[in-house]
Amino acid sequence: MADAGAALATPFVVSLEIRPSAVTAHADVVLPVAPIAEKAGTFANWEGRTRSFETATPTNAVSDYRALDMLADAMGEFFGARTAAEVRAEMESLGAWSGERPAAPAVDAEPVRDVAAGQLALATWRHLLDRGSLQDGEPYLAGTAPRATARISTTTAEELGLVDGEEVVVGLADGTEVTVPLSVTEMADRVIWLPTNSRGCDLRAALAAPAGDRVTVTKGGVA
């Protein structure tokens, strides 16, 4: 890589990936890296507290820091990240931040959006086991994933004339929709919960609707 410095003068995209994804086609350089079980590392929680972990399943897969270190070495630079121990030692030498902390944010809360007649507010998050790409090739593990269901409160079900266990159609004004069985649950009224990326309920592809959006709910597709 004698001309690496000149090549870097032109911006390009480097992607560290466990397996091919939607990013792969847009990357100029793809560096395959080990999944979390096959490398050591450190997590930092929302409080800034760190928790280190060791390799659970030793393989020949290369960790993120090692891939970057090899790339730097090929460019004639010393990155100092050949091992997890080197990375941790450098982090410890830097120490915790001792400077002035930024002021706490002072932002007014967004007003609660009204839910029009016939609409519900959408709530969503991902199941631990869903259609995530890390389950590719693991049909038995994927088979243990929770079934996609829509969840609403008893009061909301009564208002809409819906019954636990029946199929409902959740849709947007533009006509896009997803059909799933209903589960009447103890939760907030006039809110519907759906899994984000489960089999039979991919909100990103089917609805492209974020949490907080307004959706309509009908019984078995009957308006």
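Every number here is computed from the coordinates shown, using simple stated rules; none is lab data. On a predicted model such as this, the values are computed, not experimentally measured, just so you know. Positions of Cβ are backbone-derived with ideal geometry, glycine not excepted, and every protein chain shown enters the neighbour counts.
How large is ³J(HN,Hα) for each residue in segment 122-129, as worked out from phi by the Karplus curve 6.51 cos²θ - 1.76 cosθ + 1.60 (θ = phi - 60°), to whole Hz, x for Gly and Pro?
The phi angles translate into 8, 10, 7, 7, 8, 6, 4, 10 Hz.
Given contacts defined as C-alpha pairs under 8 Å and at least six residues apart, what's the relative contact order of segment 64-143, whole-number percent?
Over segment 64-143, the number comes to 14 percent.
Measure nothing fancy, just the Cα-based angle from helix 84-94's long axis to the longest principal axis of the chain, in degrees from 0 to 90, nearest 10.
That works out to roughly 90 degrees.
Note down the relative contact order for the chain as a percent, whole number, built from C-alpha pairs under 8 angstrom at least six residues apart.
This gives 16 percent for the chain.
Starting from segment 70-137, pick out the GluC sites (Glu not before Pro) whose DSSP state is loop and whose Cβ has at most 10 other Cβ atoms within 10 Å.
Sites meeting the loop and neighbour criteria: E100.
For q values of 0.14, 0.16, 0.19 Å⁻¹, compute log₁₀ I(q)/I(0) with the Debye formula on a Cα-only model of the chain, without solvent.
The Debye formula, applied to the Cα set alone, gives -1.04, -1.12, -1.30.
Could the peptides 130-136, 114-120 be put in order, highest first, of the mean number of other beta-carbon atoms found within 10 Å of their residues?
Per-residue Cβ counts within 10 Å, averaged per peptide and sorted highest first, yield 130-136, 114-120.
Round to the nearest 10 and give me the degree value, 0 to 90, for the angle of helix 64-74's Cα axis relative to the longest principal axis of the chain.
40 degrees
Starting from the eigenvalues of the Cα gyration tensor, five times each then square-rooted, give me the equivalent ellipsoid semi-axes of segment 4-94, largest first, whole Å.
24, 18, 14
With a cap of 11 neighbouring Cβ atoms within 10 Å, and only residues DSSP puts in a loop, list the trypsin sites (Lys or Arg not before Pro) found in segment 30-101.
Those satisfying the criteria are R49.
When Lys and Arg each count +1 and Asp and Glu each count -1, what net charge do the other residues less than 11 Å away from S63, Cβ to Cβ, add up to?
Net of charged neighbours comes to 0.
Percent relative contact order of segment 4-94, based on C-alpha pairs within less than 8 angstrom and at least six residues apart?
20 percent
Cα centroids of segment 174-223 and segment 30-93: how far apart, whole angstrom?
First find each Cα centre; the distance between them is then 40 Å.
Which is the longest run of the chain containing none of the chymotrypsin sites (Phe, Trp or Tyr not before Pro) found in DSSP loop states (not H, G, I, E, B) with at most 12 other C-beta atoms within 10 Å?
The longest such stretch corresponds to 98-223.
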